[in-house]
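See structure below.
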Amino acid sequence: MSALGCSSTGVPASGDGGSPLLCGDAPAVEDTGLQQCLGCTLASECTQAEPLDACCIQVAAPQEALADGVDLHLYSAPDAAATPALGCLTQPGTLGVPQMVTLTGYVRLFASGQDSQGVEVDVFPENHPETPDGSFGAAPLGTYTTTASDPVDPIDTTWNSQCPNGCSYRQYAIQNVPTETPLVVRTRDADSGAWATVYEYDVYLQNAAVQGGQVTYDATAAAEADLSTVAGGVGLTPANDLGLLTGEVHDCDDVRLSGATVEAESPQAHEAPMIYFSGDESDPLPSLVSGETSALGRFAAIDMPPGVPLRLSAVGEDPSRPGQFLMLGTYVIQVFPGAMTTLALRGRRPWQP
């Protein structure tokens, strides 16, 4: 995960008026010791725009130090004095012995919509997390379809511009789901034609979170219009045979991070640069001008090739050590035609040696 070994393209030096540097002199991304990154092959050459090597992915250098998102309704730091929790980048802990639990939570909406009834929720185990390729089991461990009779999340959602009178996030519950296991949660339309298909990676249920035989995890559903809205917000049109990638960057306490840069690499480049979003939680808008995450930590990329392993990495500048870049997370996923793949990078996971 060193930044050394790039091409000889010049990059502007930080803090010295922009004088050029060789890529080999670009600041290093701190090595967190991931075995899966040792000896990997660079997916693309170093460029002025993306000089940092994060697990063999060239990533843009952040312009601001990492900061926790504050005054948010979801995944927020308690106050402006909070500093990002980064301990799991080097000490991710170890996997415990799996327990079979009931996975329950609410189906939240990615953007559009007011009521998440009519969403089918499926849970799959990931295949081979030690040598990840983004694949997962063919048959779900369990399935649940939300209805109008399911309980609604009691949290206040009137701040959401999509539903000023409050959103109805319906509850789901799936039995016999293992803890301490990398999971993929899929949501899709049950019968109304209103919902797109969403694959959520990096879902991890810790034994420490088990209460009364249950673990809570809120799934994400997306309206069919959301896939076009992300691309249309930056003047692009997604291809139906390719996939949409979205996600967020969080710290080790699951707080959203601003100041992170993200890139994804696969055999085929995506159509547009990485898209970041505004910091307006009630109505986050995509932008090609923003060069790093806002307080929402959100990013996206359109027209990703489906059916192939795709590595995603995020980088940020350590707020306590100016000029020192950290790899905030790396994960291998896959995207699917006409569907959304999403994940929150939450640092280094226990199964990432």
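Quick note: the coordinates plus some simple rules give every number you see, no bench work behind them. For clarity, every value in this text was computed on a predicted model and none was experimentally measured. We place every Cβ from the backbone using ideal geometry, glycine too, and count neighbours over all the protein chains shown.
Tabulated results
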read-out	value
Fewest-first ranking of His128, His250, using other Cβ atoms within 10 Å as the exposure measure	His128, His250
For region 200-207, 3J(HN,Hα) per residue [Karplus equation, 6.51 cos²θ - 1.76 cosθ + 1.60, θ = phi - 60°, Hz, x = Gly/Pro]	10, 8, 6, 8, 9, 9, 7, 4
Sequence-distant residues sharing a close amide H with Leu328 (under 5 Å, placed H)	Ala314, Val315, Gly316
Length-normalised contact order for the chain - Cα pairs under 8 Å, 6+ apart - percent	22
Karplus-derived 3J(HN,Hα), 6.51/-1.76/1.60, for each residue of region 220-233, Hz, glycine and proline x	10, 10, 10, 5, 3, 5, 5, 5, 6, 5, 4, 6, x, x
DSSP-assigned coil residues among GluC sites (Glu not before Pro) in region 94-164, each with at most 12 further Cβ atoms within 10 Å	Glu130
Extension reserve of the Asp280-Thr158 stretch, reckoned as 0.36 nm per residue once the Cα distance is removed	42.5 nm
Long-range HN-HN contacts of Ala223 with modeled amide H, under 5 Å	Phe110, Ala111, Ser112, Ala196
As computed over the chain, the Cα convex hull volume per residue (Å³)	133
For Gln58, distant residues with modelled amide H under 5 Å away	Ala43, Ser44
Span per principal axis, largest first, for the Cα atoms of region 207-317 (Å)	47, 31, 27
Exposure proxy order (Cβ contacts within 10 Å, fewest to most) of Phe325, Phe336, Phe136	Phe336, Phe136, Phe325
